[in-house]
Every structure is written in structure tokens, then in C-alpha cells.
1. Sort through A:Gly143, A:Gly109 and tell me the only one that's within 12 Å of chain B (Cβ to nearest Cβ) and touching a strand residue (DSSP E or B) at 6+ places or on another chain (Cβ under 8 Å).
2. Could you tell me which residue of segment A:74-111 is nearest to A:Val28 (Cα to Cα), considering only residues that are loosely packed, with under 15 Cβ neighbours inside 10 Å and either touching a Phe, Trp or Tyr at 6+ places or on another chain (Cβ under 6 Å) or β-branched (Val, Ile, Thr) (or both)?
3. Kindly indicate whether B:Gly92 is more than 9 Å from every other protein chain (Cβ to nearest Cβ), crowded, with 17+ Cβ neighbours inside 10 Å and either closer than 25 Å to A:Asn142 by Cα or among the polar types (S, T, N, Q) (or both).
4. Out of all the residues in segment B:8-65, which are touching a helix residue (DSSP H, G or I) at 6+ places or on another chain (Cβ under 7 Å) and touching a residue at least 60 places away in the same chain (Cβ under 8 Å)?
5. Taking only segment A:111-137 into account, find how many residues are aliphatic (A, V, I, L, M) and assigned to a strand (DSSP E or B).
6. Any idea how many residues of segment B:11-66 are of a type outside the set (Phe, Trp, Tyr) and assigned to a helix (DSSP H, G or I)?
7. Looking at segment A:6-39, which of its residues are of a type in the set (D, E, K, R), touching a residue at least 24 places away in the same chain (Cβ under 8 Å), within 9 Å of chain B (Cβ to nearest Cβ) and farther than 13 Å from A:Ile77 by Cα?
8. If you check A:Arg63 against the conditions, is it in a strand (DSSP E or B) and either within 12 Å of chain B (Cβ to nearest Cβ) or touching a helix residue (DSSP H, G or I) at 6+ places or on another chain (Cβ under 6 Å) (or both)?
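Quick note: the coordinates plus some simple rules give every number you see, no bench work behind them. Values in this document were obtained by computation on a predicted structure and should not be read as measured data. Backbone-built Cβ (ideal geometry, glycine too); neighbour counts: all protein chains shown.
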Amino acid sequence: MHYKHYQRTFKGNTEQLTSIRDFVLDAVRAYGGDAEDLWASELAVDEAATNAFEHAYGDKGGRVAISIQRDREDLVIAVTDWGISFDPGQVPVPDITLPLDERREGGLGLYMIRRVMKNVTFEFDRRKGNTITMRRTLHSRNGRN
Amino acid sequence: MNINLNLAQARMPVTILSVEGDVDGSNFKELVDKAQAAIKADARPLLLDLTLVKYMSSAGLLAVQAINGMVRGELRVLNPQPHVDRALELAGFKQFLQIYSDRDSALASF
């Protein structure tokens, strides 16, 4: 079965997040996603786009491209920016067993992406941009079968 | 996102900070700023009413964390909706927050 490929580029800053989430929800709904798929996908893309707007582009703003495809029972979602790249290995992993006032800042968005999506990969290319690609098995609790 | 502040009388005066709309990277600072201004004006303890928040990203969670720190634990959270509740759970916030599903119980807990 052939599924439509949803792609759109958003220009600006975090003010675009509502439109980005609406775009994701429309695509995942069209693919037959359930309430958990819809939430997990909008959260993952929101977190990736927020990182791009806040860290890759800083205050200047910039372009974020979203691609959403269905590959058999998986959603395949990619978020690309053309800002400053980063080393995912250097992003702190939050210790969620610590009381809130003892936690260090940083890494919560990426942590949440990894909790709701599977096979989260990064590609950094000067021309093609910085892309985070995430998969999620439809109708699963945590993105995996 | 809209934020409203109201005062309720329980065993002590309690400030209710009611949020309406999604909380994400575009507006979480506004939530922190409004809470900070209220707390500076002696609005403690604080009840954070999330009944009308359908969606919260990690930025919103960081706002909740910041507010909790400002009132040194004198915070109760009211009625997080399913997806906000899932976010709180994923981030390991639920075991460290006092969360209530009805207003009277939340107010009586202070």
C-alpha cells in the first residue's frame, strides 16, 4: 500500500510550534494513528523543533523542515534544521529519579523523544542540514512493538 | 495560553494559578514569570490548575519544576489532562508533585 508523504517547512521561531503540531496531528491522523500515536508524534516533533529554534538558531530563528512517512506499521518522522549542529552524546540524560529541585537542567526534551519513539538517529551535513529521524510503531504504548 | 490568578480561602489563603491552552517552548517563560510575580506578591501556597491545558512539552514541565522550586514545595497541581499527565509521568515528575483531581481536596491539603 502506498501512503502519502507529508512534508512542510516552517520558518520562524517557537511561535511556529502550534502550526507544526497541527501539521503532525493531521498527518498521523491520516495514517490511522490512535490517541497515543498522535500525542507521542506531536511531542517528539515539538521537542525536536524547539531544540532547533532555541539551540541551532538561537534568537535569530530559521527554517525547520518536517517529513512524515508511513513505512508498513511504522511512522518515520524527520526534523531538519540548518543551524548550528550539536553532539547528541554530549546532551545530558536527566536522572528522573531525583527530586525536582535536585535535577540539573538540559536534556529533558531529547529524553522524552527517546521514551516515545524508537531508532532515534542524527545526521549532520552542512548542505543537507541537521536531521533527527525517529520511528514509532503505530498503536504501541512506547513506540516499539 | 491564558493565565488567571484567584485567591481561595482554605485553612489559609491559597492562590490558584489557572492555565488555559497549550504550554510549550513559545510561552513557558510567560508562565514562570507570572508565577514569579505572584509569589513575590506573597501568593503562597500555590495551586496550579491544569484543567484547561491539553498539551505540555518539556518546556512546560520545566516551568512546573521552576514554580515548584520557587514555592519550596508549597505547590499542588490540579487536574492534569491525559496527555499532560503522560508527560508528567514520562519525565518522572508525578512522584515528586502533589497532584489532585478535585479542587476541594487540593485546597484542603494545605
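1. A:Gly143
2. The qualifying residue nearest to A:Val28 (Cα to Cα) is A:Pro88.
3. Here the answer is no, as B:Gly92 does not meet what is asked.
4. Listed by number, the residues that qualify are B:Ala8, B:Ala10, B:Val14, B:Leu47.
5. 3
6. The qualifying residues number 21.
7. Hit for segment A:6-39 is A:Glu36, nothing else.
8. no
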